[in-house]
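J.: Let me give you the structure first, and then I'll get to my questions.
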Ligand SMILES: Cc1cc2nc3c(=O)[nH]c(=O)nc-3n(C[C@H](O)[C@H](O)[C@H](O)COP(=O)(O)OP(=O)(O)OC[C@H]3O[C@@H](n4cnc5c(N)ncnc54)[C@H](O)[C@@H]3O)c2cc1C
Ligand code: FES
């Protein structure tokens with residue numbers, strides 16, 4: 001993220017100069033093993049890692065492959081491992097991460113080619129939490145469900161998830177257990193769990209679905225996911241809240 | 001070979017809504033998309049979606065605002081269909097779980113937007129598109145609709161004057177595959193990549209328009225391109241009109257609130273229609289009252305941090321991250337940038353095109369509801385209203401006699417086109433040709449257009465078409481070859497650029513977003529008509545069609 005700078009800095013040339021990048025390369029038909037390739041690009045103050053990769057692709061090596069689309073931290077296509085941290089290439093400035101800029105695909109995902117990873121497992125995890133609205137009742141035609149502004153505000157941050165996979169890549173339990181739903185999917189579940197338009201019944205069902213051996217209790221509360229989320233979401237806190245509620249629900253059951 | 005009753009190409013808001021509607025009608029429907037659905041550019045929409053929801057509001061006022069906004073060249077029957085359906089479609093989104101912002105009474109919140117006579121833009125913070133896209137995709141998952149993601153559609157299969165499906169490259173493996181379908185709906189989005197300064201994603205390359213055009217379906221009203229007045233100068237990233245809807249002010253370098261003080265829009269000021277504001281800004285800059293980079297200033301500092309964070313959180317993030325400006329304490333530099341295309345694949349208000357079996361919807365389509373200028377908040381609305389209508393119509397009327405061998409033939413032809421592209425040596429790399437087209441279009445086919453500039457642009461675009469004959473792809477791999485995909489996209493870009501420029505050159509009047517230096521007035525006598533660009537043997541052929549006028553006779557448009 002762009003850091004605020006003093007005026008004298010801003011007045012100085014916007015040129016940062018040439019910057020070196022070390023980029024992970026792997027083309028299955030050509031390479032037995034992944035390799036790193038070094039490139040040098042001219043960067044300015046505002047040059048992002050994605051800009052630099054596109055520059056390399058357009059002027060130096062057209063075979064360099066990276067998923068990207070919106071260029072504005074919205075589509076979630078370009079989560080990469082940049083200087084040892086999961087970040088979106090399009091909102092990471094070259095000058096902020098230090099040289100050389102080491103760019104790798106997301107750890108804990110299979111590499112298809114270069115910086116492109118296989119997202120299918122991630123999508124399966126998302127689907128496993130039944131990520132669709134389960135309203136308290138069937139509305140009359142034209143009837144809108146009411147929701148208090150406070151309730152809407154409570155889910156504002158988790159709603160911003162762009163499915164980039166940065167969190168899931170940073171999560172060690174997700175790395176060892178393929179069926180662990182992982183931080184993104186659990187945050188998605190939380191988005192519905194907290195939405196008051198879903199009734200009590202739906203809320204209980206959601207917890208039941210998340211309580212299996214690959215659900216909320218798998219979380220080690222390491223906060224890695226929270227640290228890397230480019231949207232400032234804290235899946236860890238969402239998971240902790242659901243775990244507490246699930247435990248309470250169980251206790252209530254045994255006390256009966 | 002895949003086979004479905006209905007194939008929807010594209011999985012942004014329009015494609016997803018169409019697929020849901022077709023599925024609800026009981027059709028076997030599948031989505032084919034070059035991006036995974038949630039990566040689609042609908043996710044970038046910020047400000048909101050229009051609907052006359054409130055008791056004090058009336059859908060007919062919404063219809064009139066839209067007709068006026070279109071500078072009287074939108075089809076009034078289609079506009080009425082859209083605005084009348086708007087309330088139920090927006091409530092439908094809410095019922096699917098979409099997280100709109102809320103008023104104190106728990107109902108969906110609405111705000112003011114440019115060109116609207118009532119604050120009817122229903123919003124979800126400044127992330128309306130993101131919420132809409134994800135909500136619709138959730139419903140697609142719930143219904144178990146098949147999605148072929150990361151498949152790049154290259155061509156429609158046309159046989160005996162009907163559309164029998166499409167052919168696509170599986171981006172991950174490089175395989176060329178056929179999709180046989182009784183109805184094919186193109187929901188492929190806009191054309192931002194035709195220009196170098198745009199709010200659009202790099203995936204907005206006009207593929208659907210080009211594919212339909214090459215199958216003989218005309219592109220309609222392509223000269224009407226919207227330039228949004230508030231984009232960030234360095235990246236083209238959009239700063240939503242919602243900022244002005246909430247009370248944001250535009251200043252020139254002399255500290256004047258020029259929209260009022262210089263008489264561009266004495267009544268509505270900053271909330272005049274987009275074409276009006278973009279022209280005003282560039283006039284200020286040209287007359288020496290702008291800031292660096294050809295910008296003016298958008299000031300939100302009087303809002304206070306809390307209001308910005310609550311209603312315009314994304315703007316805060318975007319301005320800070322991408323322009324190094326903090327809107328809480330300083331004005332945001334903004335300038336016009338390509339944003340939207342009013343034109344597209346010619347179709348009726350069920351999305352049906354001239355070619356039986358082929359439909360179009362969303363930004364790729366021209367129904368036409370936006371005419372010469374789209375109102376903010378009407379594009380997302382178009383996606384859901386016409387998404388539903390086209391999905392339904394396609395499910396009920398799909399062809400039943402499509403030919404598998406016709407699809408197979410086209411698979412073979414596209415296979416050899418792709419192979420040939422990859423094997424070729426010499427020639428220029430696709431990225432060079434692409435850059436030349438984009439620069440020429442931004443320079444000459446922008447907010448202000450002159451005959452000389454348009455002719456120059458047309459020459460550059462036609463030259464690009466010749467250069468494309470020997471275009472070179474460096475990457476020869478079959479796995480995730482984006483160099484190849486970009487080369488395929490470049491042909492779409494050239495097709496759309498040519499139609500835009502040609503339409504603009506022929507239309508010697510000024511209307512909505514199309515402004516001609518030599519003809520600065522609207523000319524209803526000669527130009528109350530739609531432009532249709534057809535493919536011909538020696539390049540494009542231009543025809544015209546009357547505008548559908550019902551209640552609202554054209555009158556002078558002022559804000
Ligand atoms: C920054 C921004 C903000 C906006 N804000 C608003 C707003 O507040 N309100 C409003 O009403 N409108 C807004 N708009 C306009 C509106 O968002 C778009 O017009 C609309 O989202 C387009 O949706 P779509 O479904 O037609 O296309 P897209 O969402 O662009 O989807 C296109 C789909 O087609 C697929 N595709 C394309 N080509 C191919 C191919 N060759 N093969 C296979 N698949 C293909 C893509 O994968 C993608 O899934 C905004 C636009 C932008 C850019
Ligand atoms: S390119 Fe879309 S999130 Fe970075």
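Computed from the coordinates by the stated procedures, all read-outs in this text should not be read as laboratory data. It should be emphasised that the depicted structure is a prediction, and the values quoted were computed from it without experimental measurement. Quick reminder, even Gly has a Cβ in these numbers, built from the backbone with ideal geometry, and neighbours come from all protein chains shown.
J.: Treating only the Cα positions of the stretch B:325-383 as identical point scatterers, give the base-10 log of I(q)/I(0) from the Debye formula at each q in 0.13, 0.23 Å⁻¹.
T.: -0.46, -0.89
J.: Simple spin-label model, 7 Å along Cα-to-Cβ: residue A:127 to residue B:214 in nm?
T.: Reported label-point gap for residue A:127 and residue B:214 is 3.1 nm.
J.: Report, in cubic angstrom per residue, the convex hull volume of the C-alpha atoms of chain B.
T.: Taking only Cα atoms, chain B has a hull volume of 140 Å³ per residue.
J.: Continuing with the same structure: Starting with the fewest neighbours, write out A:153, B:68, A:181 ranked by other beta-carbon atoms found within 10 Å of each beta-carbon.
T.: Taking fewest neighbouring Cβ atoms as first place, the list is A:153, B:68, A:181.
J.: Give the Debye-formula value of log10 I(q)/I(0) at each listed q (0.14, 0.16 Å⁻¹), with one equal scatterer per alpha carbon of the stretch B:147-249, two decimals each.
T.: Each listed q corresponds, in turn, to -0.71, -0.84.
J.: Between residue A:141 and residue A:200, what is 0.36 nm times their sequence separation minus the Cα-Cα distance? Round to one decimal in nm.
T.: So the extension gain works out to 19.0 nm.
J.: Which whole-number percentage describes the relative contact order of the stretch B:1-100, with Cα contacts under 8 Å and a sequence gap of 6 or more?
T.: Normalised by residue count, the contact order of the stretch B:1-100 is 21 percent.
J.: While we're looking at this one, here's another question. Using the Cα atoms of the stretch B:229-337 to build a convex hull, what is its mean projected area in square nanometres?
T.: The Cα convex hull of the stretch B:229-337, projected and averaged over all directions, gives 5.9 nm².
J.: Top mean-square fluctuation among A:80, A:88, A:210, Gaussian network model of chain A, C-alpha springs under 10 Å?
T.: Of A:80, A:88, A:210, the most mobile in the Gaussian network model is A:210.
J.: Multiply the residue separation of residue B:397 and residue B:420 by 0.36 nm, subtract the distance between their alpha-carbon atoms, and state the gained length in nm to one decimal.
T.: 4.5 nm
J.: What would the Debye equation give as log₁₀ I(q)/I(0) for the protein assembly as shown at q = 0.08, 0.10 Å⁻¹, counting only Cα atoms as equal point scatterers?
T.: -0.65, -1.07
J.: Only counting other Cβ atoms within 10 Å, I'd like B:260, B:480 sorted with the fewest neighbours first.
T.: Arranged by neighbour count, lowest to highest, B:260, B:480 become B:260, B:480.
J.: Rounded to the nearest 5, what is the percent of antiparallel bridges among the DSSP beta bridges in the protein assembly as shown?
T.: The antiparallel proportion sits near 70 percent.
J.: Please work out how much length the chain gains when fully extended from residue A:240 to residue A:178, using 0.36 nm per residue of separation minus the C-alpha to C-alpha distance, in nm with one decimal.
T.: Gain on stretching residue A:240 to residue A:178: 20.3 nm.
J.: So what is the relative contact order of the stretch B:352-394, in percent, for Cα pairs below 8 Å that sit 6 or more residues apart?
T.: 50
J.: To continue, here is another question. Using only Cα atoms and rounding to the nearest 10 degrees, what angle (0 to 90) does helix B:404-423 make with the longest principal axis of chain B?
T.: It is inclined by approximately 70 degrees.
J.: Calculated FRET efficiency, residue B:543 and residue A:31, Cβ-Cβ r, R0 60 Å, to nearest 0.05?
T.: Plugging the Cβ-Cβ distance into 1/(1 + (r/R0)^6) gives 0.70.
J.: Something else about it: For residue A:250 and residue A:148, what does the FRET efficiency come to when R0 = 35 Å and r is the distance between their Cβ atoms, rounded to the nearest 0.05?
T.: 0.75
J.: In nm², what is the average projected area of the convex hull enclosing the Cα atoms of the stretch A:15-117?
T.: For the stretch A:15-117, the mean projected area of the Cα convex hull comes to 6.1 nm².
J.: Sticking with this structure for a sec: Please compute the contact order of chain A in relative form: average sequence separation of alpha-carbon pairs under 8 Å and at least six residues apart, divided by the residue count, as a percent.
T.: Worked out over chain A, it gives 16 percent.
J.: Pairing the Cα long axis of helix B:13-24 with the longest principal axis of chain B, what angle in degrees results, from 0 to 90 and rounded to the nearest 10?
T.: Relative to chain B, helix B:13-24 is tipped by roughly 60 degrees.
J.: Hey, could you grab the Kirkwood Rh for the stretch B:175-233? Inverse mean 1/r over distinct alpha carbon pairs, Å, one decimal.
T.: Value: 13.7 Å, from the Cα pair sum.
J.: Just from the alpha-carbon atoms, what are the Rg and Dmax of the stretch B:426-554 in angstroms?
T.: Calculated on Cα positions, Rg and Dmax stand at 17.7, 59 Å.
J.: Based on the Cα coordinates of the stretch B:411-451, what is the per residue volume of their convex hull in Å³?
T.: Taking the convex hull of the Cα positions in the stretch B:411-451, it is 114 Å³ per residue.
J.: Could I ask something else about it? Taking the Cα atoms of the stretch B:283-333, what is the range of coordinates along each of the three principal axes, in descending order and whole Å?
T.: Computed over the Cα atoms, the extents are 37, 21, 15 Å.
J.: I've got another one for you. Please give the helix B:451-468 orientation as an angle from the longest Cα principal axis of chain B, in degrees from 0 to 90, rounded to the nearest 10.
T.: 30
J.: List, largest first, the extents of the alpha carbons of chain A along their principal axes, each in whole Å.
T.: Extents along the principal axes: 68, 48, 37 Å.
J.: Residues of the stretch A:165-181 with backbone nitrogen within less than 19 Å of a virtual label 7 Å along the Cα-to-Cβ line of residue B:141, please, listed as ranges.
T.: A:165-171, A:174-175, A:178-181
J.: Continuing with this model, one more query. Taking every pair of alpha-carbon atoms in the stretch B:330-426, give the share separated by more than 18 Å as a whole percent.
T.: 63
J.: Which distance in Å, rounded to a whole number, links the C-alpha centroids of the stretch B:482-505 and the stretch A:195-234?
T.: If you average the Cα positions of each part, the centres end up 45 Å apart.
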